[in-house]
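Asks: First, the structure itself, so that you have it in front of you.
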Amino acid sequence: MRFQAPESLSEQIAQHIGQRIVIRDLKPGERIQELKVAGELNVSRGSVREALLILERRHLVEIYPRRGAVVSDLTPASVNALYDIYIDLLCMLGRKVLERWSGDELGGVMSQVREMQAVIDALNSQAPDAAERVIEAGFGVMRYAYSLVENPFLEETLENFRPAISRTYYVALDHFRSEIAETGTFFRNLADAAVAGDAERLHKVIQDFGEHQRQQVLSILTEENA
């Protein structure tokens, strides 16, 4: 039996600030003032300080002596470093699912994908929260995979990457609205390969989509820097 501890106040604050960074409400290089945040959220500065330390570990902020916390830059080097390891971890998750479960037992995967497709189909490309909802639906599929694999170390490692990957994913979805449909296609192909028990195809689907997303984000950063 697994017990889920309630989220601490600092964790809730970290999620709030982190989401603002993900959706680019807080821009790279922007300073996050502890006193201002504490006043806006009606919490103590100590809780905000702890939240910023959490965000530093998640690579969303950087903390400097005498300057405080600033939103971390999103650079080609950081994007490449992130995707280098994240793609491999997703491939490992997919492989572990197939090692433990046969195609007949993966009906839940198709159910999760159908739920995600329903989200995508219901979204108008102009909906302001479309990208956020698609990202959340995608992580819902991953959480289902965690329950199949039952590897707490792999789950924790992937979840630690979630804020940083959500940030880059949002950049791609926000600039290329067609990526919302591409995400649906990716998860359908992923589910088909999983149910077929085709480990090689599953690996290729993950690898191709990860590399596609990497290149989308890099092209956006190049354009913005220009």
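The values are calculated or read from the model by the stated rules, or taken from the named source; none is laboratory data. As the structure is a prediction and not an experimental result, all values here were calculated from the model. Methodologically, a virtual Cβ is constructed for each residue, glycine included, from the backbone with ideal geometry; neighbour enumeration extends over all protein chains shown. These accessible areas exclude ligands, DNA and RNA; they are computed on the full protein's heavy atoms, side chains included. Shrake-Rupley method; radii C 1.70, N 1.55, O 1.52, S 1.80 Å.
Asks: Filter the stretch 91-113 for residues that are open to solvent by less than 40 Å² (accessible area, probe 1.4 Å) and modelled with pLDDT of 90 or more; which is nearest to Lys204 (Cα to Cα)? If you could, list the steps in order and put the result at the bottom.
Replies: The first filter runs over the stretch 91-113 and keeps only residues open to solvent by less than 40 Å² (accessible area, probe 1.4 Å), leaving 91, 93-94, 97-98, 103, 106, 108-109, 113.
Applying the additional criterion that residues be modelled with pLDDT of 90 or more yields 91, 93-94.
On the way: Cys91: 9, Leu93: 13, Gly94: 11 Å.
Taking the candidates together, the pick is Cys91.
Asks: Among the residues of the stretch 28-46, count how many are assigned to a loop (DSSP other than H, G, I, E, B) and surrounded by 12 or more Cβ atoms within 10 Å (Cβ to Cβ). Can you show your working first?
Replies: Residues of the stretch 28-46 that are assigned to a loop (DSSP other than H, G, I, E, B), as a first pass: 28-30, 33, 42-44.
Retained after the next criterion (residues that are surrounded by 12 or more Cβ atoms within 10 Å (Cβ to Cβ)): 28, 30, 33, 43-44.
Here the count works out to 5.
Asks: Does Asp121 satisfy the condition of being modelled with pLDDT of 95 or more and closer than 30 Å to Leu221 by Cα?
Replies: Values: modelled with pLDDT of 95 or more: no; closer than 30 Å to Leu221 by Cα: yes.
Criteria not met by Asp121.
Asks: For the stretch 184-198, check the following and say yes or no: at least one residue is basic (Lys, Arg) and under 17 Å from Asp84 (Cβ atoms). Write out each step before concluding.
Replies: Initially, the stretch 184-198 is screened for residues basic (Lys, Arg), giving 188.
From what is left, the residues that are under 17 Å from Asp84 (Cβ atoms) are none.
The answer is no, given that none of the residues of the stretch 184-198 is basic (Lys, Arg) and under 17 Å from Asp84 (Cβ atoms).
Asks: Regarding the stretch 196-216, can at least one residue be identified that is more than 20 Å from Glu132 (Cβ to Cβ), open to solvent by less than 60 Å² (accessible area, probe 1.4 Å) and outside any helix (DSSP H, G or I)?
Replies: Yes, some residue in the stretch 196-216 is more than 20 Å from Glu132 (Cβ to Cβ), open to solvent by less than 60 Å² (accessible area, probe 1.4 Å) and outside any helix (DSSP H, G or I).
Asks: Right, another one. Taking the stretch 208-226 only, how many residues are under 19 Å from Leu90 (Cα atoms) and of a type outside the set (A, V, I, L, M, F, W, C)?
Replies: So the count comes out to 8.
Asks: Only one residue in Gln33, Gln15 is closer than 19 Å to Arg162 by Cβ, free of Cβ contacts under 8 Å to residues at least 40 places away in the same chain and of a type outside the set (A, V, I, L, M, F, W, C), so which one is that? Can you show your working first?
Replies: Details: Gln33 fails: closer than 19 Å to Arg162 by Cβ.
Checking each option against the conditions leaves just Gln15.
Asks: Shifting gears a bit: Would you check which residues across the stretch 55-67 are open to solvent by less than 20 Å² (accessible area, probe 1.4 Å) and in a helix (DSSP H, G or I) and list them? Give the steps one after another, and end with the answer.
Replies: So in the stretch 55-67, the residues open to solvent by less than 20 Å² (accessible area, probe 1.4 Å) come out as 55, 60-61.
Listed by number, the list holds a single entry, Leu55.
Asks: List the pairs whose first member sits in the stretch 62-88 and is modelled with pLDDT of 90 or more, whose second member is surrounded by fewer than 13 Cβ atoms within 10 Å (Cβ to Cβ) and of a type outside the set (S, T, N, Q), and whose Cβ atoms are under 8 Å apart, counting only residues at least 6 apart or on separate chains?
Replies: Going by the 8 Å Cβ cut-off, the qualifying pairs are Val70/Gly29; Val70/Tyr64; Val71/Lys27; Val71/Gly29; Asp73/Gly29; Tyr83/Glu211; Ile87/Glu211.
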